[in-house]
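Q: Sharing a structure with you now.
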Amino acid sequence: MKRLMIGTSWKMNKPLSQAMAYCEALADQLPAVLHPAIQPFFIPPFTAIHPVSEFFRAHNLPCLTGAQNMHQAENGAWTGEISASMIKETGATLVEMGHSERRGAFNETDAAINTKVHTALRHNLRPLVCIGDSADEKRWGVSEETVFRQMKIALFGLSAAQAQQTLIAYEPIWAIGENGTPATPAQAGDIHRALRTALTELYGAEDGAKIPLLYGGSVNLQNCAELAAQPNIDGLFIGRAAWDAAGYCAIVQRVAQDFIGKAQ
């Protein structure tokens with residue numbers, strides 16, 4: 001059985017007091033619903049990464065933490081930025097990069113994301129690269145070309161072993177956000193199957209099959225198990241449905257019961 005990564009990014013939400021209240025609620029609820037085949041992860045704001053990481057360690061919660069962004073330079077006069085070594089010291093093991101909000105609002109390019117991927121891996125941090133198509137690209141019928149380009153440039157120059165340490169999260173732009181329309185499990189499955197084919201062309205069938213592909217985009221309690229059941233989806237990257245601990249734990253429980261439980 002595949003191991004599913006199920007996580008959430010809090011974006012610019014949850015100051016420290018709220019972050020720790022979430023952790024307390026998580027400690028109360030998660031152990032009762034967590035399945036060994038699920039790897040939870042959480043991506044708080046920078047200000048909360050270290051205390052959240054320490055909380056998980058102190059309470060023996062098998063949860064990974066990550067950062068929402070990272071500068072590609074090792075250090076220097078980059079006011080307001082955070083380096084890989086700084087992230088490493090917080091206890092985080094993941095770095096999210098390439099989210100459509102950062103591509104759009106902060107003009108992040110595919111080439112810059114590739115540089116960040118290499119920097120993260122040098123510091124033994126796992127890149128979580130977000131890729132996605134817009135509503136127009138979907139309407140024009142170029143969704144696959146769009147996400148292939150983003151993924152291939154992000155992975156450029158990586159060995160097969162490095163690529164297997166990189167998480168790719170397909171997040172269709174038309175599906176994310178408060179007013180997003182969730183992709184159907186079949187739609188998400190089709191794109192993931194195409195992405196898997198592209199990965200096997202890049203790295204071979206055996207290595208390409210080991211690169212984790214996650215789906216994000218209006219994941220909720222109603223669609224999570226069907227999405228997780230798609231053959232080429234290796235995890236879920238959840239938005240606002242997981243912004244309270246009860247919502248996150250309910251999704252974990254649903255996936256464990258409706259997908260993993262039936263697969264055994």
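Q: Listing Leu221, Leu227 from the residue with the fewest other Cβ atoms within 10 Å to the one with the most, what is the order? List each step's numbers first, then the result.
A: On the way: Leu221 14, Leu227 25.
Ordered by Cβ neighbours within 10 Å, fewest first: Leu221, Leu227.
Q: Something else now. Please give me, ordered by residue number, the GluC sites (Glu not before Pro) of region 1-83 that lie in loop per DSSP and have at most 14 other Cβ atoms within 10 Å. Numbers along the way, then the final one.
A: On the way: sites: Glu24, Glu54, Glu74, Glu81; in loops: Glu74, Glu81.
Answer by residue number: Glu74, Glu81.
Q: Now for a different question. With the Cα gyration tensor of region 4-263 in hand, give its eigenvalues times 5 under a square root as the equivalent ellipsoid semi-axes, listed largest first in whole angstrom. Mind showing how you got there, number by number?
A: Values: eigenvalues 127, 112, 60 Å².
Computed over region 4-263, the values are 25, 24, 17 Å.
Q: Right, another one. Val95's amide H: which non-local residues (gap 5+, or another chain) put their own amide H closer than 5 Å, with H modeled 1.01 Å from N in plane and none for Pro or chain starts?
A: When sequence neighbours closer than 5 places are left aside, the close amide H contacts are Ala67, Arg126, Leu128.
Q: Step through the table entries Lys88/Lys152; Lys11/Lys138; Lys152/Lys210; Lys11/Lys210, compare each Cα-Cα distance with 23 Å, and write down the pairs that go over it. Display every interim value, and only then the final one.
A: Working: Lys88/Lys152 26 Å; Lys11/Lys138 25 Å; Lys152/Lys210 16 Å; Lys11/Lys210 28 Å.
From Lys88/Lys152; Lys11/Lys138; Lys152/Lys210; Lys11/Lys210, over 23 Å: Lys88/Lys152; Lys11/Lys138; Lys11/Lys210.
Q: Now for a separate question. Of all beta bridges DSSP finds with both residues in the chain, what is the antiparallel percent, to the nearest 5? Before the final figure, lay out each step's value.
A: Values: 0 of 27 bridges.
If I count the DSSP bridges inside the chain, around 0 percent turn out antiparallel.
Q: Let me ask something else about it. From the phi of every residue in region 123-129, what ³J(HN,Hα) in whole Hz does the Karplus formula 6.51 cos²θ - 1.76 cosθ + 1.60 yield, where θ is phi - 60° and glycine or proline is x?
A: Each residue of region 123-129 in turn: 9, 6, 9, 8, x, 10, 9 Hz.
Q: Between rounded, prolate and oblate, where does region 82-212 land on the alpha carbon gyration tensor, with a ≥ b ≥ c its root eigenvalues, rounded for a/c under 1.5, else prolate if a/b exceeds b/c? Walk me through the numbers on the way to the answer.
A: On the way: a/c = 1.91, a/b = 1.27, b/c = 1.50.
The shape class here is oblate.
Q: State, as an integer percentage, the relative contact order of the chain based on alpha-carbon contacts under 8 Å between residues 6 or more apart.
A: On the way: 489 pairs, mean separation 52.5, N = 264.
Across the chain, relative contact order equals 20 percent.
Q: Would you mind ranking His50, His192 by Cβ crowding within 10 Å, fewest neighbours first? Present the calculation step by step, with values, prior to reporting the outcome.
A: Details: His50 16, His192 22.
Ascending Cβ contact count within 10 Å gives the list His50, His192.
Q: Ranking Met5, Met70 by Cβ neighbours within 10 Å, fewest first, what do you get? Intermediate results must be reported in sequence, preceding the final value.
A: Working: Met5 20, Met70 25.
By the 10 Å Cβ count, ascending, the order reads Met5, Met70.
Q: Under 8 Å for C-alpha pairs, at least 6 residues apart: give me the relative contact order for region 122-194, rounded to a whole percent.
A: Details: 64 pairs, mean separation 28.8, N = 73.
Relative contact order for region 122-194 comes out at 39 percent.
Q: Step through the residues of region 90-105 one at a time and calculate ³J(HN,Hα) from phi using the Karplus curve (6.51 cos²θ - 1.76 cosθ + 1.60, θ = phi - 60°), rounding each to whole Hz and writing x for Gly and Pro.
A: 6, x, 5, 10, 10, 9, 6, 8, x, 4, 4, 5, 6, 4, x, 7
No lab work stands behind these numbers, since they all come straight from the coordinates. This one's a predicted model, so the numbers in the text were calculated from it and none came from an experiment. Glycine gets a Cβ as well: all are built from the backbone with ideal geometry, and neighbour counts include every protein chain shown.
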